[in-house]
Amino acid sequence: MKVCLLTHSYPRFPNDTTAPFVESTAETLQKHGIDVTVLTPDTPRFAHTPADHAVNLQTYRYFFPRRLQLLGYSNTLVNDCELKRYVYLLAPFMFLSGIFHLYRLHRKHRFDAIHAFWLLPNGFIGAVLCKVYKIPLVITMQGSDMFVAKQNPFFKWMAIWTLKHTAMVTSVTPTFLPELAALGAPSERRCLIPNGVDPEVFPPPSHKQLAALRKKLSIPAGDLIVFALGRIVFKKGFDFLVQAFPLVHEEVPNVTLIIGGDGTDLSRLKTMAKALNVSESIRFTGTINRTDVPDYFHLCDIFTLPAIFDPKGNVDGCPNVILEAMACGKPVVASGISGIPVVVKNNETGILVEEKNVKQLAAALVALLTNKPKREQFGRAGQQRILNELTWDKVIEQIKDVYQHSVKNTS
C-alpha cells in the first residue's frame, strides 16, 4: 500500500524536537510494509537531506523569498492562543502550492490513501485531491487544528467541507469527538487512536551519566527531582506548576524542579519564580536536545505536566512527553483533561488533578515525593502499560486497520 502523509510540522534537522510523533508514525508505517511519502512545506530552517530519513521526504515551496515561509513548525499561533496576522496572507499560497505538489506526487506514485495530520491546512489539501481521484482521506487530529477551525467562518466552512470528504478521522483525545460530530463527521467515521512511543529510544543511562547531568544542573546530591517538559506556552500549565512549587518545597525541602523547553512565557515564569522565592530550586534549561531528553527523564523522580484549556479554549490532545516519561518508568502527575486520561490511569500509573488547581497539584506531588514505594509502583505500571498498549508498533497496527477499512469502503 502506498500512502502520502501530509503535515506542516516535521523534524527540520537532526535532533529537532518539532513534531517527532509525525516522523515516528511515518517511519514505523514504513517498517510495517507501507510505502510512505511525507509531504511538508519548506521552511528556512529545513536542513534535512533525503539520506536523513527512512521514508521519502518531500518539501514544497509556497512563498518567495524563502525567509518569508513562516507557517507551520509551531510558528502559526501566538502563545498557542491566536493566529498570527501573517497567517491570513500566507495560508492561500500554502493551500494552492500544497494541492499542486500533492497532485504531482500522486501522478508519480498513485497513492492508495492520503493521511493528513491536522484538519487544517493539511486535511483540506488532501480532501481536494481525494475528491478528484476517489481515494480515501484519513485525518489525525492532534489539538490545535480544532482551535484553528473555530477562528473564523471561512476556516469553519473549510473544516466542514473537508470532513464531508474524509473517510476516517482519528483523534488522540476524546475531547474532539463531539466537536467533530458538530462539524458533520458521523460516529462511524471517527475514532480514538492515541500516539505511541518507542521505548528503545529511552534506554537508561549509566549512573555516571546521571551524576554528570545532576552536576551540570547544580542539583544537590540528595535532592528529589520533579521534571516538566514542553513548549513554554500558557496551555502547558507551567504557571500553575511554579505557583504550586512553594507549597511543595515547604513540605519537601530537598526537591528541585526542572522545567525544560523554550517559548514566549519563559522570562515571565522566571520572574514569577523569583517573586515566589523558589528560583534557587528551579532549573529552567531552555530547549533540550532530543538526544539528551532520555537522560532527563531517567534523572527525575516524577514527571509532571499540569496542562490546561487556555483562555481561548485551545488545549493539547495528548502530549507525547507523558508517554515518554512512562516509557522510562516514571510516575506522572498531570491534569485530567483532554487525552491525558487515555494514557495515564489515575492512582495506577500516576495522579490526575483538576486543571489550574494549585493546591491539588502540590498535594499530588508531595504525596509521591514522600512515598518512594508508590512512585516505583506507579512507574512500573506505567512502563508496562506502554509496552502492552502504547508502543508505536501497536498504534501503527490500528492505523493500518483504518487504512484498509477506508480503502475498502472507498473502492
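Considering the options L266, S218, Y296, tell which one lies farthest towards the positive end of the dipole of segment 199-389, charges being +1 on Lys and Arg and -1 on Asp and Glu at the Cβ, about the Cα centre.
S218
To the nearest 10 degrees, how steeply does helix 266-275 sit against the main Cα axis of the chain, on a 0 to 90 scale?
Around 20 degrees separate the two axes.
I'd like the Kirkwood hydrodynamic radius of segment 285-373, using the inverse of the mean 1/r over distinct C-alpha pairs, in Å.
Averaging 1/r across every pair of different Cα atoms and inverting gives 13.6 Å.
What are the residues whose amide H is under 5 Å from the amide H of H115, where those residues sit 5 or more places off or on another chain and H is modelled from the backbone?
The answer is C4, L5, L6, V138.
Convex hull volume of the Cα atoms in segment 89-132, per residue, in Å³?
64 Å³
Size of the dipole of the chain about the Cα centre, Lys and Arg at +1 and Asp and Glu at -1 on the beta carbon, nothing else charged, in debye to 20?
Roughly 1020 debye for the chain.
Using a Gaussian network model on the chain with a 10 Å cutoff between Cα atoms, which of F240, F64, F284 fluctuates the most?
F64
5 Å is the cut-off here: which amide hydrogens, built 1.01 Å from N in the peptide plane, fall below it relative to T391, excluding neighbours closer than 5 in sequence?
Long-range HN contacts for T391: V197.
What number, rounded to the nearest 500 deg cm²/dmol, is the helix-based mean residue ellipticity at 222 nm of the chain, given -39500 (n - 2.57) per DSSP H run of at least four residues and division by all its residues?
-13000 deg cm²/dmol
Considering only DSSP beta bridges with both partners in segment 294-405, what is the antiparallel share in %, to the nearest 5?
About 0 percent, rounded to the nearest 5.
Per residue, what volume in Å³ does the convex hull of the Cα atoms of segment 254-411 enclose?
Per-residue hull volume (Cα only) is 153 Å³.
Under 5 Å between amide H atoms, partner at least 5 residues away or on a different chain: which partners does R283 have, H built in plane at 1.01 Å?
For R283, the qualifying residues are L257, I258, I259.
Restricting everything to alpha-carbon atoms, can you work out Rg to Rh for the chain with a Kirkwood hydrodynamic radius?
0.97
Which whole-Hz ³J(HN,Hα) couplings does segment 238-254 yield from phi under the Karplus relation 6.51 cos²θ - 1.76 cosθ + 1.60, θ = phi - 60°, glycine and proline marked x?
So the J values, rounded to whole Hz, are 5, 3, 6, 5, 5, 5, 7, 5, x, 5, 5, 5, 5, 8, 10, x, 8.
With point charges of +1 on the Cβ of Lys and Arg and -1 on the Cβ of Asp and Glu, referenced to the Cα centre of the chain, which listed residue (G329, T170, F227) lies farthest in the positive direction of the dipole?
T170
For K215 and N254, what does the FRET efficiency come to when R0 = 22 Å and r is the distance between their Cβ atoms, rounded to the nearest 0.05?
The calculated FRET efficiency here is 0.85.
Taking the chain as the reference, fit the longest principal axis to its C-alpha atoms, fit the long axis of helix 207-216 to the helix C-alpha atoms, and give the angle between the two in degrees, 0 to 90, nearest 10.
80 degrees
I want the local charge near A167. Using Cβ-Cβ distances under 13 Å, sum +1 for each Lys or Arg and -1 for each Asp or Glu among the other residues.
Neighbour charge sum, excluding A167 itself: +3.
Using a ≥ b ≥ c from the Cα gyration tensor of segment 193-323 (square roots of the eigenvalues), is it rounded, prolate or oblate, where a/c under 1.5 gives rounded and otherwise the larger of a/b and b/c decides, a/b for prolate?
In terms of gyration-tensor shape, oblate.
How would you order 258-268, 3-13 from highest to lowest mean count of nearby Cβ atoms within 10 Å?
Result, highest mean first: 3-13, 258-268.
When the C-alpha atoms of segment 143-232 are aligned to their principal axes, what extent does each axis show, in angstrom, from largest down?
57, 28, 17
Read-outs: derived from the displayed coordinates by stated rules, not from any lab. It should be emphasised that the depicted structure is a prediction, and the values quoted were computed from it without experimental measurement. Here Cβ is always computed from backbone atoms with ideal geometry, including for glycine, and neighbour counts include all displayed protein chains.
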